[in-house]
Amino acid sequence: MPEYILPEDFLTVTESVMGSELWHALLQGLADEAPVSVRINPLKCPADWLPAEGRAERVEWCEGGYYLSSRPNFTFDPLFHAGMYYVQEASSMFLDRVLRSYAADGPVMMLDLCAAPGGKSGVARAALPEGSLLVSNEPVARRASVLVENMAKLGHEDVMVTNNYPCDIGRSGLMFDVMLADVPCSGEGMFRKDPAAVGEWSLQNVEKCWRLQRSIVADAWPCLRRGGLFVYSTCTFNTKENEENVKYICEELGAEMLTVDVSGEWRITGSLLPDIAGPVYRFLPGVTRGEGLFMAVMRKTGGSESVCRRKCDSGARGRKHAGKGAEAAACAKWLKRPEAFDTVNAGGVFLAIPKAWRGVYDTAVKSLKVVSAGVRLGEAKGKDVVPAQSLALSGMLADSAFPRVELDYDTALSYLRKEAVALPTEAPRGYVVVTYRGVPLGFEKNIGNRANNLYPTEWKIKSSHTPEGNNELIKRTDE
């Protein structure tokens, strides 16, 4: 049984909406142990890298999603820090099914409106067609820094991270083909995973949340083009924040509901309100194998088709690009396909912006706070450019850009703790990429008698203890 007492108001309201059978299944689910699941990062993880045999079972609605038979100590797996996989609740991976159903025909621009910590952005980036741009936004600055870290570990160059309120994005002039609003909610679906959410729940908070959710969607609605795909989701159970908000979006903002093909074996629950007959997808502990999630998929019917997006796409032509000096040219050589990028000097920080969406970037920086875009190459320090951690983790890092030094398991953990790590005497001086099992972890600067560990302080493993046993989750199938 859970080590918490559910609020009386929650018990009364939820049972009245769900009915006895569904309600008792949910109660049993909240009392059971939560499943553990991960999602493999397809950008970095070749097809022959999988969770160890006997430890995993596929999440059926997400390519690359796996349930685990037990919970490893992820903190002490170097490949977790390298971005080879992401620890993610299985229900939230349903976004993969949605995007592969409705956004698979060609490159799109997508906005993840409330993205931190970045799990659904990672799902989206893996599912979107090649050449698509994902703008991953987080309004809260503290949470945006976590989002930047997780997107850097993802390693995809076609990502921009912003830190803005929805109304700012709505007025920015950018237009999106796909928008995800995973809105802040009362958190009922987090009760099993985070018992602290129980103490924060109240009927007053539910009222506050559904009103806030409507304002968030309404503020950002102008930047979704007519005919664009809109995905609304929460991690709560009640109908005020779910079905009733979907009804508001369809009737007041202008949208039609879309159906996602699902299997009856997944036991996804539909609408709990009889007057909302459209398809919605509710994941309930004790019914579906995952945590609480609600998702609805819609297509925008109102509004007009803006030309802003076409202007953004073509706005880079004929422009004199910033940062085209010797330093920028040197940085560009660190990439696999430097000809596909414009190198931008953003206040001493060199960014490689894909030419395909350079105009989008230029439009965004005029009115939005862009905290990360493309590939962060490095930062000017005197006459030197210090390569960035995100470059080491990027899928665009050229294999020949820097010498590489392989670390064993214990030394890799020392590096990730930002401890001093000695390099072999034969290692060349200068910047070196350190790897584990051939996968880049970050940079060191070899100055001869010692090496400076350049791993970001805010990312480091804080525990000095290493648990016994096998803490590594994935390996090659032939190992």
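The values are calculated or read from the model by the stated rules, or taken from the named source; none is laboratory data. These numbers come from a predicted model, not from an experiment. With ideal geometry, Cβ positions are generated from the backbone for all residues, glycine too; neighbour counts draw on all protein chains shown. Heads up: the accessible areas ignore ligands, DNA and RNA and are worked out on the full protein's heavy atoms, side chains in. Shrake-Rupley method; radii C 1.70, N 1.55, O 1.52, S 1.80 Å.
The residue among G378, S202, C185 whose Cα reaches farthest toward the positive pole of the charge dipole of the chain, with charges on the beta-carbon of Lys, Arg, Asp and Glu, is G378. Using the Karplus relation 6.51 cos²θ - 1.76 cosθ + 1.60 with θ = phi - 60°, the per-residue 3J(HN,Hα) values for segment 86-99 come to 10, 7, 8, 5, 5, 4, 5, 6, 4, 4, 4, 5, 4, 5 Hz, with x marking Gly and Pro.
I want the local charge near Q28. Using Cβ-Cβ distances under 15 Å, sum +1 for each Lys or Arg and -1 for each Asp or Glu among the other residues. It works out to a net charge of -2. A simple rule links phi to the HN-Hα coupling: the Karplus curve 6.51 cos²θ - 1.76 cosθ + 1.60 with θ = phi - 60°, which for segment 451-464 gives 10, 8, 7, 9, 5, x, 4, 6, 9, 5, 5, 8, 7, 8 Hz, with x for Gly and Pro. According to the square roots a ≥ b ≥ c of the eigenvalues of the Cα gyration tensor, what is the shape class of segment 149-270, taking rounded for a/c under 1.5, prolate for a/b larger than b/c otherwise, and oblate for the remainder? Verdict is rounded for segment 149-270. Accessible surface area normalised per residue over the chain is 43 Å², counting heavy atoms of protein chains with a 1.4 Å rolling probe. Candidate cross-link partners of K120 among the lysines, defined by an alpha-carbon separation under 16 Å and a same-chain spacing of 8 or more, comprise K153.
Rank A124, A34, P338 by how far each Cα sits towards the positive end of the charge dipole of the chain (+1 on Lys, Arg Cβ; -1 on Asp, Glu Cβ) and give me just the farthest. The listed residue farthest towards the positive side: P338.
Sites listed here are GluC sites (Glu not before Pro) in segment 73-155 whose DSSP assignment is loop and whose Cβ has at most 13 other Cβ atoms within 10 Å: E130.
With every protein chain in place and a 1.4 angstrom probe, the accessible-area ranking of C235, C331, largest first, reads C235, C331. So for segment 375-452, what percent of the C-alpha to C-alpha distances run longer than 22 Å? The answer is 18 percent, as a whole percent. For the chain, give the share of DSSP beta bridges that are antiparallel, in percent and rounded to the nearest 5; count only bridges with both residues there. Of all bridge pairs located within the chain, approximately 70 percent are antiparallel.
Using alpha carbons only, the radius of gyration of segment 331-399 set against its Kirkwood radius gives Rg/Rh = 0.96. Taking the accessible area of the chain, probe 1.4 Å, and keeping the other protein chains in place, the carbon and sulfur fraction comes to 50%. Which lysines have a Cα lying under 20 Å from the Cα of K381, excluding residues fewer than 8 positions away in the same chain? Straight-distance partners of K381: K324, K333, K445.
Give, to the nearest whole percent, the P(r) tail of the chain beyond 41 angstrom, counting all Cα pairs. Value for the chain: 21 percent of Cα pairs lie more than 41 Å apart. Amide H contacts of V385 (H built 1.01 Å from N, in plane; Pro and chain starts excluded): no residue 5 or more places away or on another chain comes under 5 Å. Along segment 235-252 the Karplus relation, 6.51 cos²θ - 1.76 cosθ + 1.60 evaluated at θ = phi - 60°, assigns HN-Hα couplings of 10, 9, 9, 5, 7, 4, 8, 10, 4, 5, 6, 5, 4, 4, 4, 5, 7, 9 Hz to successive residues, with x for each Gly and Pro. Can you give the angle from 0 to 90° between the axis of helix 141-154 and the longest principal axis of the chain, with both taken from C-alpha atoms, to the nearest 10? For 141-154 against the chain, the angle is about 70 degrees. A straight Cα-to-Cα reach below 15 Å connects K300 with the aspartates and glutamates D177, D219, E251, E252, E256, residues fewer than 8 places away in its own chain not being considered. Peptides 199-210, 98-109 ranked from most to least packed give 98-109, 199-210, packing being the mean of other C-beta atoms within 10 angstrom over each peptide's residues.
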